[in-house]
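Here is the structure we will look at.
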Amino acid sequence: MSIFKSYKPSICAGTALSLTLLSVAAQVRADSSASLSVPEGLHDSDYLYDGKPPQALFELGRNLFFDPILSGNRNISCGTCHDPARGTSDGVALSIGEGGIGFGPSRRTADGVIDRIPRNAQALWNIGAREYRSMFHDGRVEADPLSTFQSGYWTPAREHLPPGLDTILAAQAMFPVLSDLEMAGQKGENPVATAVTEDRVSDAWDHLAKRLGETPGYQEMFAAAFPDTDGITLVQAANALAAFQSQAFRSDDSPFDGFLSGEPMALSDAARAGAYLFYGKAGCVTCHSGALQTDHEFHAIAVPQIGPGKGHGSDTSYWRASGFGRHTEDEGRYRVTFEADDLFAFRTPSLRNVTLTGPWGHDGAFDDLEAMVRHHLDSVASLEAFDASAVPLPPLGSIIEQTAENSELIFRPLNGERRAAFDLRDRWVQSATALRSRIALANSLAPVALEDDEIAELMAFLDALTDPSARDRSDLVPQHVPSGLAPQPDPRRPRK
Ligand code: HEC
Ligand code: HEC
């Protein structure tokens, strides 16, 4: 139950409190003359399946989400990076993907790790809202109204994405399993990874589907979820994953939701003042609009880059300095559209439960929410002043590198010298004036002047976007999954 609802009975209980209510109501009337234009609240119909996916589909998706069976080396699940006890993210700036051990900030490399994940693991709150038009920080999975491909979506898999994916959220679920760093692993380690590296993505999906089909528990769950079809496909698995996420990560019971449904007491005075700033002079609503505080558009706001980057850009300075043949920038939406306006632009994040989803920014550059908000006040100055060396990144133990010898692919740990050159990449862009300037030049966020007490009010408003039930949803993790592997993250101990 959320905080604001527990206010309700006491408001009606005594005279003193009724007086408080009267004065609040007066305040709200005064507020409305100052025209606080807030979005509509959320309803079942705003979510996929009208908020109620079929139970068998949900249960299948729930098991798949936490079962490492979908990773090439059977060593990581979706839940490892999207942990329901850590705000549906993992609490670190840049995750260690497959090959790591442990969860959250204590996760470390075990074996076979070649790099960090270049972007911050997105939180999944309300990801099943119908208003989502694209997936990922750069929106590279998106609905295709022109139906260029049989799938109905524009994605990196282009014509290879099969038809039958019910929603954009289902289309997204086809991709983490193909990423070598996230879930697939490296060529030669397993047939999924090898198929991906050889550009046979359909084979990679089919291989995973075959694995599921050979697992008795899944045979039953798929039969229950898809009673009219024979055989198991990864498209079905993706539809189930979407059904699960859409319901499990719905989160619309915050004090702000109470306020939207007409309960003035739901917001503290400070949070209400923050709402005025957010929807008024601070200009946040220009981009953070709608019930989820996102316009689903892409904006360049000069968030500093840390980490290895997405391999974008044409700069070769790191390559020359380190000997690692790699580009270091992350040009964001530009790499999807190749339109100059999209350089270094990222999708406006939803601010629902934002207090729980740090570190913040597309690469987790900010581990303090107030610092992230203050970045918006003068984004270019903030970029210039940013100290990338102070950003905590989970330490990487052993790192392997891929080399070819006698036409055979081998991996070996980096020696000390190569390792030092490798580590440079995490701060390369921020430390190179020319690369930093490209980010500054692309910035489209106008500076805004706010006093310290106004920042405090904005922070109170962001806090009021937190649904108390979102703090820990680890009860979603099943105790056992059909593969017999240990679910990830660790399930809660059963109550005695
Ligand atoms: C190794 C960590 C990791 C694993 C494992 C992982 N993800 Fe993610 N997830 C991420 C990162 C990082 C992003 C953002 C990537 C980007 O923008 O390029 C992301 C993005 C997403 C998004 C898009 C959210 C949005 O707002 O657009 C969804 C949905 C999602 N993941 C679901 C899943 C599912 C389902 C699985 C399992 C099949 C999974 N993830 C496995 C790290 C992970
Ligand atoms: C020009 C559009 C725009 C405006 C105006 C704007 N933001 Fe943002 N905001 C963004 C984008 C885009 C990001 C993500 C940037 C990135 O990761 O590179 C973001 C990120 C954030 C984040 C981090 C969320 C996360 O999950 O990482 C917070 C918090 C935030 N904004 C709050 C605010 C507040 C408060 C205001 C008003 C003072 C505001 N924003 C104004 C576009 C905007």
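The values are calculated or read from the model by the stated rules, or taken from the named source; none is laboratory data. Just so you know, these numbers come straight off a predicted model, no measurement behind them. So basically every Cβ, Gly included, is an ideal-geometry build from the backbone, and we count neighbours across all protein chains shown.
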Residue count, the range 335-380, condition surrounded by 20 or more Cβ atoms within 10 Å (Cβ to Cβ), part of a helix (DSSP H, G or I) and of a type in the set (S, T, N, Q), comes to 1
Any residue that is touching a Gly at 6+ places or on another chain (Cβ under 6 Å) and not aliphatic (A, V, I, L, M) - is there at least one of those in the range 259-274? yes
Can you tell me which condition residue 402 does not meet? The list is (1) under 30 Å from residue 282 (Cβ atoms); (2) out of contact with any Ser or Thr (no Cβ under 9 Å at 6 or more places or on another chain); (3) not aromatic (Phe, Trp, Tyr); (4) not in a helix (DSSP H, G or I), and all the others hold. (1)
Could you figure out which of (1) closer than 24 Å to residue 205 by Cα; (2) aliphatic (A, V, I, L, M); (3) in contact with a Lys or Arg (Cβ under 7 Å, 6 or more places away or on another chain); (4) surrounded by fewer than 23 Cβ atoms within 10 Å (Cβ to Cβ) isn't true of residue 101? (1)
Looking at the range 431-462, which of its residues are touching a residue at least 12 places away in the same chain (Cβ under 8 Å), closer than 29 Å to residue 307 by Cα and out of contact with any Leu (no Cβ under 9 Å at 6 or more places or on another chain)? 432, 434, 435, 444, 445, 446
Any residue in the range 87-95 that is surrounded by 18 or more Cβ atoms within 10 Å (Cβ to Cβ), modelled with pLDDT of 95 or more and more than 24 Å from residue 426 (Cα to Cα)? yes
When the residues of the range 127-166 are filtered to those that are among the hydroxyl-bearing types (Ser, Thr, Tyr) and under 23 Å from residue 87 (Cα atoms), which remaining residue is nearest to ligand 2 (Cβ to nearest atom)? 134
Residue check: is residue 393 closer than 30 Å to residue 467 by Cα and away from ligand 2 (no atom under 16 Å from the Cβ)? yes
Which of the residues that make up the range 266-295 are part of a loop (DSSP other than H, G, I, E, B), at negative phi, surrounded by fewer than 22 Cβ atoms within 10 Å (Cβ to Cβ) and more than 9 Å from ligand 2 (Cβ to nearest atom)? 268, 279, 280, 281, 289, 291
Can we say residue 340 is more than 16 Å from ligand 1 (Cβ to nearest atom) and out of contact with any strand residue (DSSP E or B) (no Cβ under 9 Å at 6 or more places or on another chain)? yes
Which one of these does residue 483 not meet: (1) among the small types (Gly, Ala, Ser); (2) outside any helix (DSSP H, G or I); (3) away from ligand 1 (no atom under 16 Å from the Cβ)? (3)
The listed residue being under 11 Å from the mean Cα position of the chain (by Cα) and among the aliphatic types (A, V, I, L, M), out of 124, 94: 124
Can you tell me which of 466, 403 is without any contact (Cβ under 8 Å) to a residue 12 or more places away in the chain and of a type in the set (S, T, N, Q)? 403
Can you tell me how many residues within the range 64-81 are within 20 Å of the chain's Cα centre (by Cα) and either polar (S, T, N, Q) or surrounded by fewer than 24 Cβ atoms within 10 Å (Cβ to Cβ) (or both)? 4
In the set 393, 409, 377, 414, the lone residue that is at pLDDT below 95 and closer than 21 Å to residue 344 by Cβ is 393
Residues within the range 306-328 that are assigned to a loop (DSSP other than H, G, I, E, B), surrounded by fewer than 18 Cβ atoms within 10 Å (Cβ to Cβ) and of a type in the set (Ser, Thr, Tyr), tallied: 2
Counting only residues that are near ligand 1 (Cβ under 8 Å from one of its atoms) and part of a helix (DSSP H, G or I), which one in the range 177-194 is surrounded by the most Cβ atoms within 10 Å (Cβ to Cβ)? 183
Condition set assigned to a loop (DSSP other than H, G, I, E, B) and among the hydrophobic types (A, V, I, L, M, F, W, C), scope the range 405-433, selection nearest to residue 186 (Cα to Cα): answer is 414
Looking at the range 232-265, which of the residues that are at pLDDT below 95 and in a loop (DSSP other than H, G, I, E, B) is surrounded by the most Cβ atoms within 10 Å (Cβ to Cβ)? 263
So, restricting to helices (runs of 4 or more DSSP H) that lie completely within the range 1-84, which ones have at least 2 residues that are at pLDDT 75 or above? 55-66, 78-81
Filter pass, residue 492 being without any contact (Cβ under 8 Å) to a residue 40 or more places away in the chain, touching a helix residue (DSSP H, G or I) at 6+ places or on another chain (Cβ under 8 Å) and away from ligand 2 (no atom under 14 Å from the Cβ): yes
Residue hits (the range 466-480; charged (D, E, K, R) and in a loop (DSSP other than H, G, I, E, B)) are 467, 471, 472, 473
Scanning the range 134-166 for residues that are crowded, with 21+ Cβ neighbours inside 10 Å and β-branched (Val, Ile, Thr), which turns out farthest from the chain's Cα centre (by Cα)? 155
Note on the range 461-496: residues surrounded by fewer than 16 Cβ atoms within 10 Å (Cβ to Cβ) and either of a type in the set (D, E, K, R) or in contact with a strand residue (DSSP E or B) (Cβ under 9 Å, 6 or more places away or on another chain) (or both) are 471, 472, 474, 475, 490, 492, 493, 495, 496
